[in-house]
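Notes to accompany the following structure.
The values are calculated or read from the model by the stated rules, or taken from the named source; none is laboratory data. Keep in mind that this is a model prediction, so the values were computed, not measured. Here the Cβ is made from the backbone with ideal geometry for all residues, glycine too, and neighbour counts use every protein chain on show.
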Amino acid sequence: MSSGEPVQVNLRLRSFAAELTLPPGTRVLRRSEPAPLTNVEEAVRRALAEPIGTLPFAELCRAKLEQYASRGHRGVPGQEGSDKASGTRAGSRDTSGPQVVVVVSDNTRPVPYRGEGNILWPLVSALLEAGFPGSSITLLVATGMHRVLTDEEMWSMFDDRVREAGVRVACHDALDREGLVSVGKTARGVEVFMDRRYVAADFRILTGLVEPHAHAGASGGRKSLCPGLVDVRSLQEFHGARTLAHERATDLILDGNPCHEAALDVARMAPPDFILNVTARVDGQVAGVFAGDMEKAHLAAFEHLLSFAGIPLDQRYDVVVTHAGLVGINFYQSEKAASAAARAARPQGYIVVVADTVDANPVGTLSYRRLLSMLVEVGREEFLRRIMADDWEFQHDQWGVQGWSKFLAKIPRDHLFFYGPQMPLDEYPQLICRDPRPILEGLEVSDPGVTVAHFVSAAVAQACRLSEAETGRPASVAYLADGPYGIPLAEEGTA
């Protein structure tokens with residue numbers, strides 16, 4: 001470590017803030033930040049009027065309403081018998097009008113759906129202005145394999161004006177087979193089942209945030225449908241063992257990424273009529289709005305993401321410190337931050353990750369826990385051999401555990417220091433990390449920010465000592481200030 005003053009950094013997550021003290025000479029690595037849009041509502045309206053690869057949104061709305069009228073319907077669509085109860089789930093809705101489904105991300109993704117500069121109200125108001133009644137519009141939460149949200153959790157994500165307009169909410173449930181319908185088979189014969197409400201809709205719209213994704217290259221676009229609105233049976237290619245083992249199934253790569261290509265194949269089976277995607281700064285402010293064709297608009301958003309989300313590296317570090325951001329609500333999601341940090345570390349280096357593990361299950365699902373235990377018990381190579389075997393039965397969340405197996409190819413299990421203040425201490429022995437209890441022993445503090453700060457200081461000091469004993473030189477330390485949202489990029493051969 002270098003001599004000089006310690007490096008102080010501020011960390012703020014969902015439920016705590018911490019003042020981190022890092023060794024002198026620590027490099028603080030940040031992605032470049034684009035300028036925020038000064039008027040998001042105007043930017044959304046402009047993107048709707050001048051979309052990429054499709055007709056203007058108002059013309060699409062008019063065409064959908066005319067198609068509805070041409071089928072023999074009379075009067076104002078959806079007016080007769082409409083129920084304005086905004087908390088009612090789709091299923092008991094008025095069906096006298098053309099049905100609009102707006103697919104939205106769940107609460108693990110920081111999409112600006114409420115507050116100043118939100119993207120949802122301009123979209124909904126454009127639908128209302130075009131003639132769609134609020135009761136004909138459903139916000140369908142694309143949970144993928146995540147848990148089903150309550151009505152209260154869903155409404156808390158959205159602008160209050162949306163609820164006041166009589167718009168409905170519904171949540172995808174990957175386990176509800178009655179709520180799914182087959183949309184076809186992939187080239188390899190995997191049958192795809194998608195949310196019935198989306199497939200049956202007269203007007204299908206996707207929304208989302210385009211940010212780095214550890215397997216698919218970037219979120220947004222096709223990912224609203226796969227994995228957003230399908231079931232686990234449908235993910236055998238998108239999240240299959242051989243797909244994720246591919247070297248291009250990683251952050252900020254679309255070209256030649258089999259995970260991205262598998263998602264596209266599924267999405268094309270029931271494509272949307274329109275998408276509204278955004279890019280954003282780490283502070284949540286919208287940086288770009290991209291609307292129109294699912295593939296063309298998403299690609300434009302991805303190109304914008306590439307312009308700022310990467311962090312060029314001139315070296316690799318012995319110790320890399322990071323946080324799991326807003327997505328890191330449990331150990332399952334925290335793998336994204338650890339994998340990004342491993343890009344900046346030397347082989348066999350040390351990683352320190354802190355996460356705000358606010359999820360009801362801070363580790364993951366029961367299936368995830370079982371597979372994680374298998375990885376710990378049999379080791380990386382045997383785990384991969386098993387899940388790639390022809391007789392292996394594809395399982396829920398195996399992709400999350402496989403992500404940790406990829407991490408272990410570079411960073412040994414006992415070289416990862418991980419801590420989430422809400423995680424019961426007896427959970428750690430089953431995780432892919434060192435047990436933090438020796439570091440936390442005797443610390444009687446209830447403030448999670450103080451506990452996190454103590455953990456980071458002690459873990460980094462220990463990692464530096466271990467690294468110096470191995471290499472015979474002072475340890476180099478880096479802090480990834482943006483967590484999983486800034487992706488270290490090193491040229492081949494970077495030491």
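Could you tell me how many of the residues in segment 395-410 are over 21 Å from the mean Cα position of the chain (by Cα) and under 19 Å from Leu371 (Cα atoms)?
2
Would you confirm, using the coordinates I've provided, whether Glu427 is over 29 Å from Asn361 (Cβ atoms), assigned by TED's automatic domain parsing to the domain that holds Arg346 and of a type in the set (Asp, Glu)?
It is false that Glu427 is over 29 Å from Asn361 (Cβ atoms), assigned by TED's automatic domain parsing to the domain that holds Arg346 and of a type in the set (Asp, Glu).
Give all pairs with beta carbons closer than 6 Å in which a residue from segment 154-181 that is assigned by TED's automatic domain parsing to the domain that holds Leu140 and buried (at least 17 other Cβ atoms within 10 Å of the Cβ) meets a residue that is modelled with pLDDT of 90 or more and part of a loop (DSSP other than H, G, I, E, B); count only pairs at least 6 apart in sequence or on separate chains.
As it stands, the answer is Asp159/Asn118; His172/Leu229, since those pairs meet every condition given.
Please count how many residues of segment 274-319 are of a type in the set (Asp, Glu), closer than 16 Å to Thr207 by Cα and either assigned to a helix (DSSP H, G or I) or without any contact (Cβ under 8 Å) to a residue 40 or more places away in the chain (or both).
1
Could you go through segment 238-248 and let me know if any residue there is part of a strand (DSSP E or B), in contact with a Leu (Cβ under 8 Å, 6 or more places away or on another chain) and in contact (Cβ under 8 Å) with a residue 60 or more places away in the chain.
No, segment 238-248 contains no residue that is part of a strand (DSSP E or B), in contact with a Leu (Cβ under 8 Å, 6 or more places away or on another chain) and in contact (Cβ under 8 Å) with a residue 60 or more places away in the chain.
Give segment 375-390 a look and list any residue that's surrounded by fewer than 17 Cβ atoms within 10 Å (Cβ to Cβ), without any contact (Cβ under 8 Å) to a residue 24 or more places away in the chain and of a type outside the set (D, E, K, R), or say none.
Hits for segment 375-390 are Val378, Gly379, Ala389.
Out of segment 220-271, which residues are among the polar types (S, T, N, Q) and over 18 Å from Arg343 (Cβ atoms)?
Ser224, Ser234, Gln236, Thr243
I'm checking my understanding of the structure. Among residues of segment 92-150 that are hydrophobic (A, V, I, L, M, F, W, C), part of a loop (DSSP other than H, G, I, E, B) and modelled with pLDDT of 85 or more, which one is surrounded by the most Cβ atoms within 10 Å (Cβ to Cβ)?
Ile119
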